[in-house]
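The values are calculated or read from the model by the stated rules, or taken from the named source; none is laboratory data. As the structure is a prediction and not an experimental result, all values here were calculated from the model. For neighbour counting, all protein chains shown are included, and Cβ atoms are generated from backbone atoms with ideal geometry for every residue, glycine included. For accessibility, only protein heavy atoms count, side chains too; no ligands or nucleic acids. Shrake-Rupley method; radii C 1.70, N 1.55, O 1.52, S 1.80 Å.
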Amino acid sequence: MAPGIIVPEPAVSQESTNTLASVTGAYDDTLRFYLNGTKVVLDSADPEVTLLEYLRGIGLTGTKLGCAEGGCGACTVVVSQYNPTTKQIYHASVNACLAPLVSVDGKHVITVEGIGNVKKPHPAQERIAKGNGSQCGFCTPGIVMSLYALIRNNDTPSEHEVEEAFDGNLCRCTGYRPILDAAQTFSAQKGCGQAKANGGSGCCMEKNGNGGGCCKDGAEGDSQPIKKFTPPGFIEYKPDTELIFPPALRKHDFKPLAFGTKRKRWYRPVTLQQLLEIKSVYPSAKIIAGSTETQIETKFKGMNYSASVFVGDIPELRQYNFHDDYLEIGGNVVLTDLEDICRKAIKHYGDVRSQNFAAILKQIRYFAGRQIRNVGTPAGNLATASPISDLNPVFVASNATLVAKSLDKTTDIPMSTFFKGYRATALPPDAIIAGLRIPVAKEKGEYMRAYKQAKRKDDDIAIVNAALRVTLGDDQRVETADLVYGGMAPITIAAKKAMAYLQGKKFTELETLEGVMNALEEDFDLRFGVPGGMATYRKSLALSFFYKFYHEVLAELHTEEVEVDEQAIGEIERDISYGEKDHKAAEAYHQKVLGQERPHVAAMKQCTGEAQYTDDIPLQRNELYGCLVLSTKAHAKIVSIDPEPALDLPGVHAWVDRHDLSSPEANWWGAPSCDETFFALDEVYTVGQPIGMVLADTAKRAEQASRAVQVVYEDLPAIFTIEEAIAKDSYFNHFRYIKTGDTEKAFEEADHVFTGIARMGGQEHFYLETQACLAVPKPEDGEMEIYSSTQNPAETQAYVSKVLGVAANKIVSKVKRLGGGFGGKETRSIQLAGIVACAANKVRRPVRCMLNRDEDIITSGQRHPFLARWKVGVNKDGKLQALDADVFCNGGWSQDLSGAVVERAMTHIDGCYSIPNVHVRGRVAKTNTVSNTAFRGFGGPQGMFIAESYMEEIADHLKIPSERLREINMYSPETNMQTHFNQEIKDWYVPLMYKQVQEESEYSRRRQDIEEYNKTHKWNKRGLALIPTKFGISFTALFLNQAGALVHIYHDGSILVAHGGTEMGQGLHTKMTMIAAEALQVLQADVYISETATNTVANTSSTAASASSDLNGYAIWNACQQLNERLKPYREKLGPNAQMKDMAHAAYFDRVNLSAQGFYSTPDIGYVWGENKGQMFFYFTQGVAAAEVEIDTLTGDWTCRRADIKMDVGRSINPAIDYGQIEGAFVQGQGLFTTEEMLWHRASGGIFTKGPGAYKIPGFRDIPQVFNVGLLKDVQWENLRTIQRSRGVGEPPLFMGSCVFFAIRDALKAARAEFDEHSVLSLQSPATPERIRISCADPILKRAWVEPQEGEKSFFVAI
């Protein structure tokens, strides 16, 4: 959502209250709707409660809270309603986190629980579960409901409709491919029994071309409909068995409603007259349509609208009419319907006269997600007056007229005069936006186009957008021109100088183009520090959009006078994505259970909403909600803290701070350095540092009270970036080095010595479930139970015992499952758990807290940004001789695990390459930013990025292909198999996979094709890259490489397993039950893992480092071997096919112990820093990936056309789980190196990218269009001594996402060469559209370049 400053509305005055009462006195106050087929009548609805809060409050916890801003889709439900625009029933997917409860009157709300359960799932739930489309499962209910909405509205959607159905949903685990594959089984093609995909001769849709019609339309053949194809083993989808739209709702009497509390009044008029009456007596009443902006203002900006009017149920505002020369739409037509209206308008008026409607349609396509488009309206867009609205430029450029209505008059306002200033409009205070009149284009001589560029294609706010229109006379001279831009000023703005210049000019003369470009430079003379940043990029987009428009119009004019730049026309379009996996990879080592592809054990529960996460635990008696009070300064002294204003508010129970801890020492935490405090002392060191916690009887009241706590600061100087830290010598006391060989001598003898800088940004974990904790104090001996969303139950137990001043044996820390972790809950979850435990101990009542997305991001740390200064010696033949590097990471304000992260980066700085002489040094920069922490890869990806960066640049210097340089320098038995930290590499298959990936992906042919393509395409360029990886598996802290397990066999033959690992979507519990089932020779269904808890398995290591299957798997195997030994006599006695229940029964009566504790510690390892000896890692997981991209150099837009991955995971325990890990890690890695950019706001020192609105993880349509994954097979792993000879797979594939980055760099080399720029490109990560565009070398970019004035700094900071 666009950031905005809105003046709080005045409270309802007594006089206004009386007048409002007179207008709304007869309004009803009862809410009537249906929920999952059951009628609900509420007499006392709270106007501040969202639909999500209501659903979770009544126990329907399948619907999740992921971001509270409508950006992730975790809260998606379906609201079925009679649509007054289309006059049909429509099943709308909506964000329950934004929808006010009072907006569902007269509608049918359907949640994930309402469509199926584990015993009887809906086909959508079943196919996603069995198709491995659910890992952590937190996003799954929302994805299921988006798919459900699609097939309820259209039971034979096209493949394209399926692919676009999830544009409002995000998933951080799966990489999206399995979800799309499951969803496509419902599509018209894949769902057709005749389709090639289903073994048929070809669906008619395939034969007649994409969407070329259906056999049912043809005259020939059987007129019987083809039976829908159901994949083997799946439930058939029968639309006639769905929940019906309740007949009573068809007759529902929409009455005007009025609800209210002391804080807030809510009105729901049902006629335009009623609305205008309210507006006339109370002009400042907040008008709400979709609530997509209002909910964000109240939730994140603390705004309070004392009187709100919901206008979504006024049919008069949702109509449309085709007139001869304009289309009239009601102001409150929802955007989904506007799409449909525009399509009808194009049919009605024809293509030429419908250019305005085609432009609207194009902009809506990428406008937010479907859930937002189902409730958002043009009037809402206009009234909020966002400077980056996608629709407003089109309305202005098309010369639309806004119809404003008040009780006594109707005013026509030309759109060109509507926007007055930042978030200010010409709408009279007592008027509403009743409608819009959008002109039809002229039959001849009028041209209109719309453009948009964002960080991500789908569901993203624009960086810059534009609607450009000209009308030309018969002599091609410009009669009128409207060049309207968003994102270039505080308002939607016309390029006045460029428009004035165009008047009367002959459009087909090149001087016209040049003159407009000059005028645009004057219109948009952005300064370097412009609010919103990206001055050069934004200016270049303004020019590029016009350049594209100019040539698109020329192409339509078919002019001979001037050469048309055909290649500037159009934009990158994606094909329907697909992918292949090698499902036979593990056949050679299949066992009864191990090696088989099995779905995630909890997948069906996750798909039906039955899986329980921390915040789904039912409310405890007397429970209170906590809300953190966080520092708003990057570095400051705390002058005073006054919680009294908060304590005076209703429902507030207590203020908790450092004085409530068991001792001053108990405030300190952190591993390995105990240098962080739960509560700030006299100074704060970062924005988001906890100061205290407010406890109240509801989460909303706690949140409101937290804003009332008054903290006075005295500012101190702050450091943000690594470069600033280096300049000020600000480091943590942690220095490491690795030295082998003689680098100085090698540099002297080398043929070439090259130097460079590698720089990469951080990454937000963006697990869909934010940090959450519930602390339940017990009445005896200081006992407490902690339910925490943590990867580290043992450390949670240790620090909670310290906070409370009791022994660890009084604290039980429990984890059922996590909605994603990725390292972000390894240590950072301790902070919340300690504070919540302290609060519960103070009030002796249960306390719960789940962080909002913005709180989570500013408190819980990210992946470490890195900076490396490297120097490499290389010979003429391309052989590397020496590497010298200084490596710095940004640790933030406390050390956390930063030391270990920089150490791992240093051990991976060789990549897959043998370098005889290495000297690498690592430091941790100390800054005033959030404390950075573990994140999937843990420094490994940063180290390998440095390696691949110097490889790319050296290849360019030497003018040899980078693929060849990599091949020449790979570790090999012929040259060297010993790393720079003196570890021998065994079972080395990277060279083999490097060859296989090139062959299987036809790499050399595609390289030639790309070279040909780039020769003939000026603005669009393609690139290709091939990247290997080796990732060391083991905790680098030796003591952590251990695990315990407890296995119970019960009388009935069922088996309960407990181990030290937590389930966070990676399928650990699935693999562990398979190991136990194989070991005990039982069915996997007979083995169950309930939870991870410190009272069943003690002293556990965190679930991290990709070692959890190795460690816990062997511990379980060890326990099972003990049990097998005890059961051996019974197996001999009862025969080889004896049932476990019979053996267990007999053993029990013989008083044999049927419980066993297993243990495992990793052998051989133990590296000594400084001495550079001892084994660092138990083994290396290896892989190779190739990627192909296409970039549009005029805009910086790009797409990944194809990716091919080959991974050596040893003998896979479960290939389905491993494929899920590989795909998910690859896409997360692609995000790290492309779309995911962490930005700080320089003025406030706080993180700007603190939610899905500003921070862009990859979406469904960002994944490779062709996505192929295979596992290495037909080799022997002679030295691999792990469970089943499998390799850890969680982290290693992440770095392979960098092949997309290096493919972009490859494309950029071609783009630069097009304009004779041949200098070596040093490309920073992430390669955002901005960075792609400004790395080009074309004349448009050069004229748009903005240099900082003396002392001028950028608006944003990348740390």
* To do: Any chance you could count how many residues in the stretch 1127-1151 are in contact (Cβ under 8 Å) with a residue 12 or more places away in the chain, open to solvent by 40 Å² or more (accessible area, probe 1.4 Å) and not basic (Lys, Arg)?
  => 5
* Would you pick out the residues in the stretch 801-831 that are assigned to a helix (DSSP H, G or I), open to solvent by 10 Å² or more (accessible area, probe 1.4 Å) and among the hydrophobic types (A, V, I, L, M, F, W, C)? -> Leu804, Ala808
* To do: Name the strands (runs of 3 or more DSSP E) wholly inside the stretch 667-746 in which the number of residues that are under 29 Å from Met760 (Cβ atoms) and open to solvent by 70 Å² or more (accessible area, probe 1.4 Å) is 2 or more.
  => 731-740
* Structure fact -> Within the stretch 492-513, residues out of contact with any helix residue (DSSP H, G or I) (no Cβ under 9 Å at 6 or more places or on another chain) and of a type in the set (A, V, I, L, M) come out as Leu510
* To do: Return yes or no: is Pro387 under 19 Å from Phe545 (Cβ atoms), open to solvent by less than 40 Å² (accessible area, probe 1.4 Å), assigned to a helix (DSSP H, G or I) and not basic (Lys, Arg)?
  => no
* Show the residue pairs that are 6+ apart or on different chains and have beta-carbon atoms under 7 Å apart, the first residue being within the stretch 585-603 and closer than 30 Å to Gly116 by Cβ and of a type in the set (Asp, Glu), the second being open to solvent by 30 Å² or more (accessible area, probe 1.4 Å) and in a loop (DSSP other than H, G, I, E, B). => Glu597/His583
* **Long-range neighbours under 7 Å by Cβ, at least six apart or interchain, first residue closer than 15 Å to Arg477 by Cα and at pLDDT below 90 within the stretch 554-565, second part of a loop (DSSP other than H, G, I, E, B) and of a type outside the set (Phe, Trp, Tyr)** => Thr559/Thr508; Glu561/Thr508; Val562/Thr508; Val562/Glu509
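Does Asp697 meet the test of being of a type outside the set (Val, Ile, Thr) and on the phi > 0 side of the Ramachandran plot?
On the way: of a type outside the set (Val, Ile, Thr): yes; on the phi > 0 side of the Ramachandran plot: no.
When the stated conditions are applied, Asp697 does not pass them.
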* Asked: So which residues in the stretch 1331-1359 are closer than 22 Å to Glu948 by Cβ and part of a helix (DSSP H, G or I), if there are any at all?
  -> Arg1331, Ile1332, Ile1334
* Asked: Of the residues that sit in the stretch 632-666 and are surrounded by 14 or more Cβ atoms within 10 Å (Cβ to Cβ) and charged (D, E, K, R), which one is farthest from Asp854 (Cα to Cα)?
  -> Asp660
* Among the strands (runs of 3 or more DSSP E) confined wholly to the stretch 233-334, which include 2 or more residues that are surrounded by fewer than 19 Cβ atoms within 10 Å (Cβ to Cβ) and touching a Ser or Thr at 6+ places or on another chain (Cβ under 7 Å)? -> none
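Would you check which residues across the stretch 372-411 are of a type in the set (Asp, Glu) and under 27 Å from the mean Cα position of the chain (by Cα) and list them?
Answer for the stretch 372-411, where residues must be of a type in the set (Asp, Glu) and under 27 Å from the mean Cα position of the chain (by Cα): just Asp390.
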* Could you please tell me which pairs satisfy a Cβ distance under 7 Å, a separation of 6+ or placement on different chains, a first residue in the stretch 924-938 that is open to solvent by 10 Å² or more (accessible area, probe 1.4 Å), and a second residue that is assigned to a strand (DSSP E or B)? => Lys926/Tyr731; Lys926/Phe732; Lys926/Gly891
* State yes or no: is Glu1236 within 30 Å of Val687 (Cβ to Cβ) and open to solvent by 10 Å² or more (accessible area, probe 1.4 Å)? => no
* In the stretch 205-225, which residues are of a type outside the set (Gly, Ala, Ser) and either at pLDDT 85 or above or open to solvent by less than 60 Å² (accessible area, probe 1.4 Å) (or both)? -> Met205, Cys214, Cys215
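Looking only at the stretch 1075-1097, count how many residues are part of a loop (DSSP other than H, G, I, E, B) and in contact with a strand residue (DSSP E or B) (Cβ under 7 Å, 6 or more places away or on another chain).
Of the residues in the stretch 1075-1097, 7 are part of a loop (DSSP other than H, G, I, E, B) and in contact with a strand residue (DSSP E or B) (Cβ under 7 Å, 6 or more places away or on another chain).
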* Quickly run through the stretch 555-590 and pick out the residues that are part of a helix (DSSP H, G or I) and touching a helix residue (DSSP H, G or I) at 6+ places or on another chain (Cβ under 9 Å). => Ala555, Glu566, Gln567, Ala568, Tyr589
* If we scan the stretch 1009-1020, do we find a residue that is at pLDDT 95 or above, of a type in the set (Phe, Trp, Tyr) and either on the phi > 0 side of the Ramachandran plot or surrounded by fewer than 19 Cβ atoms within 10 Å (Cβ to Cβ) (or both)? -> yes
* Structure fact -> Flagged in the stretch 586-609 as out of contact with any Phe, Trp or Tyr (no Cβ under 9 Å at 6 or more places or on another chain) and farther than 19 Å from Thr174 by Cβ, in numbering order, are Ala586, Glu587, Ala588, Tyr589, His590, Gln591, Lys592, Val593, Leu594, Gln596
* Structure fact -> Per the list (1) farther than 30 Å from Leu276 by Cβ; (2) assigned to a loop (DSSP other than H, G, I, E, B); (3) among the hydrophobic types (A, V, I, L, M, F, W, C), residue check on Ile491 breaks on (1)
* Could you grab me the full set of residues in the stretch 1232-1285 that are outside any loop (DSSP other than H, G, I, E, B), in contact with a helix residue (DSSP H, G or I) (Cβ under 7 Å, 6 or more places away or on another chain), of a type outside the set (A, V, I, L, M) and under 25 Å from Gly939 (Cβ atoms)? => Phe1233
* Asked: Taking helices (runs of 4 or more DSSP H) that do not extend beyond the stretch 102-191, which have at least 2 residues that are open to solvent by less than 10 Å² (accessible area, probe 1.4 Å) and over 26 Å from Thr1070 (Cα atoms)?
  -> 140-153, 159-164
* **Tally of residues being more than 18 Å from the chain's Cα centre (by Cα) and in a loop (DSSP other than H, G, I, E, B) across the stretch 846-863** => 1
* **Test for His1048: is it open to solvent by 10 Å² or more (accessible area, probe 1.4 Å) and part of a strand (DSSP E or B)** => yes
* To do: Could you tell me whether any residue of the stretch 1195-1203 is more than 26 Å from Met1064 (Cα to Cα) and of a type in the set (Lys, Arg)?
  => yes
